[in-house]
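See structure below.
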Amino acid sequence: MPRSSNPKPRRTKAEQRAESREQILDGAEYLFSQRGLYGVTLKDVAQQVGVHASLLHYYFDDKRGLFEAVVDRRASVTTDRRMEAMDDYELQAGDSVTVEGALHAFLDTDLDLYLNGSEGLRNYAAMGSQIANTVEGGEVFNEHFDRVVLRLIDLLKKAMPDAADEDIFWGYHFVNAGLMATVARTRRIDRLSGGLCRLDDYTAVQARMAPFMAAGFIAICQERALARASETVAAGD
């Protein structure tokens, strides 16, 4: 039988190393999403990928280095898209920025990624929900995502110029908690609702999350503003 006239080119050593590194990152990302940062060892990752543990030490100094590489690989995908979405929204809205509009720009961009992206991206999101609130993991995530959060805060201040800063930051804290619970992939709401709600139904989440959170922001900020006004009047008396 004649040989093919177009044989598949052999991969270079650099390409083989890059592929091995990606497989390790995929395996680590999955395990971190399931067990958190402290429940995973380099040996666990090696077993997940099907390689000898010494290969991991070839690419990474320790587990912290591996974890940082897992975060770094996808962080710019989410941060850059969110920053661009919020910039675009502010440009379009001009002086008519709203709380709900700002939250849609912040939340929907990531939810679109999980709806249309790979299983790896969804694992990455679940990993973030597991690890971002730990001390060590939080330090790594803060380096990438603080600028995105502060950009949202700026938009919310523009939408609610009379709101106290602390109320806006508290509101973001609750938004983040809701988002983390959604992308954690625990399936708790699936069980509780008997299947009426599914955490992988990102379209349903998008339709509800920003309006729900916006109403909470407005309620808190308005109530607090009224309380401050009453205190001012009382002090004047």
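In table form, for the structure just shown:
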quantity: Identity of the residue in segment 17-58, of a type in the set (S, T, N, Q) and under 17 Å from Tyr124 (Cα atoms), that ends up farthest from the chain's Cα centre (by Cα); calculated: Gln48
quantity: Subset of segment 201-226 (residues that are within 25 Å of Ser33 (Cβ to Cβ) and in contact (Cβ under 8 Å) with a residue 24 or more places away in the chain); calculated: Tyr202, Thr203, Val205, Gln206, Met209, Ala210, Met213
quantity: Residues (at pLDDT below 90 and among the polar types (S, T, N, Q)) located in segment 14-29; calculated: Gln16, Ser20
quantity: Residue within segment 79-92 that is closer than 30 Å to Ala215 by Cβ, among the β-branched types (Val, Ile, Thr), in a helix (DSSP H, G or I) and in contact (Cβ under 8 Å) with a residue 24 or more places away in the chain present; calculated: yes
quantity: The one condition in (1) out of contact with any helix residue (DSSP H, G or I) (no Cβ under 8 Å at 6 or more places or on another chain); (2) surrounded by 13 or more Cβ atoms within 10 Å (Cβ to Cβ); (3) not in a helix (DSSP H, G or I) that Gly194 fails to fulfil; calculated: (2)
quantity: Segment 11-59 - residue that is in contact with a Ser or Thr (Cβ under 8 Å, 6 or more places away or on another chain) and in a helix (DSSP H, G or I) and, of those, farthest from Val71 (Cα to Cα); calculated: Leu55
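For every residue, the table says whether it meets (1) touching a residue at least 40 places away in the same chain (Cβ under 8 Å); (2) among the acidic types (Asp, Glu); (3) farther than 29 Å from Tyr202 by Cα.
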position: His57; (1), (2), (3): no, no, yes
position: Val99; (1), (2), (3): yes, no, no
position: Ala102; (1), (2), (3): yes, no, no
position: Glu119; (1), (2), (3): no, yes, no
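The values are calculated or read from the model by the stated rules, or taken from the named source; none is laboratory data. These figures come from a predicted structure and were not determined experimentally. Positions of Cβ are generated from backbone atoms using ideal geometry, with glycine treated the same way; all protein chains shown enter the neighbour counts.
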